[in-house]
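Let me begin by presenting the structure, written as structure tokens, before commenting on it.
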Amino acid sequence: MRRPKYGDSGQAFPIYITVVGGLLFLAFAYFAVGQAAVNRNDAQTAADAAALAAAQDRRDALVDEWMINLDDPGTWLDIFDGDVGGFRLSCSRAEQLAAQNDAALLGCAPDGLLGYTVEVETNQTVGESIVPGTENYRSSEKATAVIEPRCTFQMPGGGAEDGPLPTLDCQGTEWKFDPTTPQDLLPKPEDLFDVHLAD
């Protein structure tokens with residue numbers, strides 16, 4: 001009696017198709033997860049850049065205020081604490097940096113006197129995948145950047161009119177100057193304040 005040819009292989013073929021189909025499904029699922037992760041990462045990058053831009057703009061305004069009041073050290077402490085009114089919001093800079101990173105600014109607000117929190121949304125969607133709805137999904141992320149004064153000083157005993165201006169100690173670097181010091185010899189914004197993302 002002759003055996004049916006290819007009997008075993010015929011039974012294995014449906015199993016093979018099922019396994020291959022499952023592997024393909026997993027591959028597409030992992031690809032969808034990867035697409036979403038990349039989109040979220042893009043959103044976080046844009047949020048970080050926007051928050052830093054807003055904080056740096058605020059820092060530059062504080063430095064300008066300090067230079068205007070260079071001969072009045074009684075105002076310095078408030079300036080280094082960020083306690084200065086009349087400044088415009090720095091959200092326009094945040095919006096510019098979000099746009100440069102292909103995102104839209106959803107929210108922007110000061111975070112205390114020395115910080116900014118922003119929220120952005122990617123312009124690009126996650127894209128089509130086996131997960132329904134991803135073709136219209138955009139990632140949004142938040143970030144906060146803070147400004148930290150790098151300098152300390154001691155007020156002169158006799159006041160600014162009776163003695164030299166205070167010496168700034170900026171993390172070990174000392175700056176000595178007077179109201180006649182040329183602007184290009186004064187500390188730069190990054191010498192006076194550090195700007196970084198909040199932990």
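Just so it is clear, none of the values below were taken in a lab; they were calculated from the coordinates. The structure presented is a predicted model; accordingly, all values stated were derived computationally and were not measured. Note: ideal-geometry Cβ built from the backbone for every residue, glycine included; neighbour counts use all protein chains shown.
Taking other residues whose beta carbon is less than 9 angstrom from the beta carbon of THR122, and scoring Lys, Arg as +1 and Asp, Glu as -1, yields -2. Computed from the Cβ-Cβ distance with R0 of 30 Å, the FRET efficiency linking ALA109 to ASP178 stands at 0.20.
Near PRO164, once Lys and Arg are set to +1 and Asp and Glu to -1 for all other residues with Cβ below 9 Å from its Cβ, the sum equals 0. When each of the peptides 98-111, 71-84 is scored by the mean number of other C-beta atoms lying within 10 Å of its residues, the order from highest to lowest reads 98-111, 71-84.
Taking 7 Å steps out from each Cα toward its Cβ at GLN124 and ASP169 produces label points 5.0 nm apart. Here the gap between ASP60 and ILE17, fully extended at 0.36 nm per residue and compared with their Cα-Cα distance, gives a gain of 9.1 nm. Applying 1/(1 + (r/R0)^6) with r as the Cβ-Cβ distance of GLN100 and THR75 and R0 = 45 angstrom yields a FRET efficiency of 0.80.
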